[in-house]
1. Looking only at residues that are under 17 Å from ALA37 (Cα atoms) and among the β-branched types (Val, Ile, Thr) in region 52-85, which one is least open to solvent (accessible area, probe 1.4 Å)?
2. State all residues of region 27-42 that are farther than 19 Å from LEU67 by Cβ, of a type outside the set (Lys, Arg) and open to solvent by 90 Å² or more (accessible area, probe 1.4 Å); if no residue qualifies, say none.
3. If you go through region 43-51 one residue at a time, do you hit one that is loosely packed, with under 11 Cβ neighbours inside 10 Å and within 22 Å of the chain's Cα centre (by Cα)?
Amino acid sequence: MDETMTEMADAIYREKVLRARSAPKSRKMGWGAEMFAEACGRMRAGIRAQFPEAESSEVEKILRERLDRLTRLHEHGIFTRVPRS
């Protein structure tokens, strides 16, 4: 990338950061939900590409399994299960 493009990309990034910092907390929480919904949509599309014959219920099941696996990976060693009494 030439210097002009780098400067332009940096300026765009800086503007995005400043906008995000000035946004109200409630809006930031909304962005998190929107990003999660978009990520789930992309994961569903990937599952459908991998399993073209899968019905919607099966796609959702696979999605939940993958999200659970990601959660376990990210939380590994942080939380431990306590047996119910």
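1. By that ranking, first place goes to VAL59.
2. The one that is farther than 19 Å from LEU67 by Cβ, of a type outside the set (Lys, Arg) and open to solvent by 90 Å² or more (accessible area, probe 1.4 Å): MET29.
3. Scanning region 43-51 turns up at least one residue that is loosely packed, with under 11 Cβ neighbours inside 10 Å and within 22 Å of the chain's Cα centre (by Cα).
The values are calculated or read from the model by the stated rules, or taken from the named source; none is laboratory data. All values derive from a computational prediction rather than experimental measurement. Every residue, glycine as well, gets a Cβ built from its backbone with ideal geometry; the counts of neighbours run over all protein chains shown. Keep in mind that these areas ignore ligands, DNA and RNA; they rest on the heavy atoms of the full protein, side chains included. Shrake-Rupley method; radii C 1.70, N 1.55, O 1.52, S 1.80 Å.
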